[in-house]
Amino acid sequence: MEREREIRAFVPEAFTVISADVKGKDTAQFTVVCEEEPRDKKEAERIIERPKTKPWKVASVEETEAKRSPRAPFTTSTLQQTASSRLGFSPSRTMSIAQKLYEAGLITYMRTDSTTIAQTRRQPSWNW
């Protein structure tokens with residue numbers, strides 16, 4: 001209930017994100033994002049007008065290593081949801097395509113909700 005009270009008490013606040021596509025000395029183009037997030041139009045315009053009177057400079061460049069984990073494999077439902085939202089496929093069309101990919105050996109069995117990936121690929125042992 002405490003979390004619900006926090007949600008109900010939340011008052012949204014408008015702000016502006018300022019970004020620019022700029023070119024470096026070697027004509028490499030990159031995007032910069034302003035650290036400030038002005039709350040009103042007057043402050044945003046002040047920030048935007050500043051480079052006309054005093055040019056911006058890169059104060060420092062930091063290079064860091066970042067470790068990113070891969071996304072979890074698709075489950076049946078996430079596969080269907082993604083195919084529907086991104087490609088406009090119906091669930092039956094998605095599963096038909098997945099079945100054909102599975103039969104061609106291009107994907108593992110798709111009708112599972114397990115996101116665990118084995119370290120080594122084991123061949124099934126059938127004991128009849």
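The values are calculated or read from the model by the stated rules, or taken from the named source; none is laboratory data. Only a predicted model underlies this, so the values are computations on that prediction, with no experimental measurement involved. Cβ sites come from the backbone with ideal geometry, for glycine too, and all protein chains shown count toward neighbours. When the accessible area is computed, the model is the full protein with side chains, heavy atoms only, and any ligands, DNA or RNA have been set aside. Shrake-Rupley method; radii C 1.70, N 1.55, O 1.52, S 1.80 Å.
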When you scan the stretch 7-30, how many residues do you find that are within 27 Å of Arg46 (Cα to Cα), open to solvent by 100 Å² or more (accessible area, probe 1.4 Å), at pLDDT 80 or above and part of a loop (DSSP other than H, G, I, E, B)?
4
Condition test on Lys57, is it closer than 30 Å to Ser114 by Cβ, among the charged types (D, E, K, R) and assigned to a loop (DSSP other than H, G, I, E, B)?
no
Between residues in the stretch 76-98 that are over 16 Å from Tyr109 (Cα atoms) and of a type in the set (D, E, K, R) and residues that are exposed (fewer than 14 other Cβ atoms within 10 Å of the Cβ) and modelled with pLDDT of 95 or more, which pairs lie under 7 Å by C-beta distance while being six or more apart or on different chains?
none
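Quick test for you: out of Glu35, Glu65, Glu43, pick the one residue that is open to solvent by 100 Å² or more (accessible area, probe 1.4 Å) and modelled with pLDDT of 85 or more.
Checking each option against the conditions leaves just Glu65.
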Any chance the stretch 52-72 includes a residue that's touching a helix residue (DSSP H, G or I) at 6+ places or on another chain (Cβ under 9 Å) and under 18 Å from Thr108 (Cα atoms)?
yes
